[in-house]
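The values are calculated or read from the model by the stated rules, or taken from the named source; none is laboratory data. No experiment lies behind these values; they were computed from the predicted model shown. Glycine gets a Cβ as well: all are built from the backbone with ideal geometry, and neighbour counts include every protein chain shown.
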Amino acid sequence: MNHNHSQTAAPNSTVRYFYLTTVFFLTLTGFGQMPIFKRYYIADIPGLGWLAEFFVTHYIHYLGAIVFLALASYLLVDYVVMKPRSRKLTATGWIRCILLAGILFSGVFLVIRNFSGSNLSAAFIILLDLGHLGGAMAFLLLSAYCLIFRKKWTTAV
């Protein structure tokens, strides 16, 4: 079967659009969980007042996480099941996958922490918070590096 390189090397533009939009809103609302938007008067800019509302950013972050998990599941199935021999992860693709796995892992436990009856220790919660934030920052920095130097997630085999 003859495949176009763009079909095998990267997801289609709709998936890319949803991915970039989701990562943007996850980043924005993730930082919104900290009071930085109010502290630095960003929330005072007309139209951005919602960034200072904890529960608004909290629920948007959760919705973004649901969309992100759906996208990750789709891409994982597409990569592993549908086209396992047509492409492979690059070194930066592997690092990004590992960082995302850490972010997802810590995020799931942070959601569990919010359930009534959750019994996670304070030290573990601090570790989760720092791991989640540190993983997100590392992922964003690596993504910026990959964007600047045109490093792809996968390469055609």
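Things worth noting here:
- Sub-6 Å Cβ pairs linking a first residue in region 117-129 that is in the same structural domain as Leu104 (by TED's automatic domain parsing) to a second residue that is small (Gly, Ala, Ser), at least 6 apart or interchain, are Leu128/Ser106, ordered by first then second residue.
- The sole residue among Leu130, Leu89, Leu99 that is out of contact with any Leu (no Cβ under 9 Å at 6 or more places or on another chain) and closer than 26 Å to His58 by Cβ is Leu130.
- Options Ile95, Ile125: the member that is surrounded by 15 or more Cβ atoms within 10 Å (Cβ to Cβ) and among the β-branched types (Val, Ile, Thr): Ile95
- Selection status of Leu99, at pLDDT 95 or above, in the same structural domain as Trp153 (by TED's automatic domain parsing), not charged (D, E, K, R) and not in a loop (DSSP other than H, G, I, E, B): yes
- Whichever residue in region 70-92 is modelled with pLDDT under 90 and hydroxyl-bearing (Ser, Thr, Tyr) and, among such residues, is nearest to Phe139 (Cα to Cα): Tyr79
- Any chance Ser6 is under 23 Å from Cys146 (Cβ atoms), surrounded by fewer than 13 Cβ atoms within 10 Å (Cβ to Cβ) and at pLDDT below 90: yes
- Output for region 35-77, where each listed residue is surrounded by 13 or more Cβ atoms within 10 Å (Cβ to Cβ) and charged (D, E, K, R): Lys38, Glu53
- Only a single item in (1) assigned by TED's automatic domain parsing to the domain that holds Ser13; (2) not in a helix (DSSP H, G or I) is not met by Tyr62, and it is number (2).
- Selection within region 10-31 - outside any loop (DSSP other than H, G, I, E, B) and buried (at least 16 other Cβ atoms within 10 Å of the Cβ): Phe18, Tyr19, Thr22, Val23, Phe25, Leu26, Thr27, Leu28, Thr29, Gly30, Phe31
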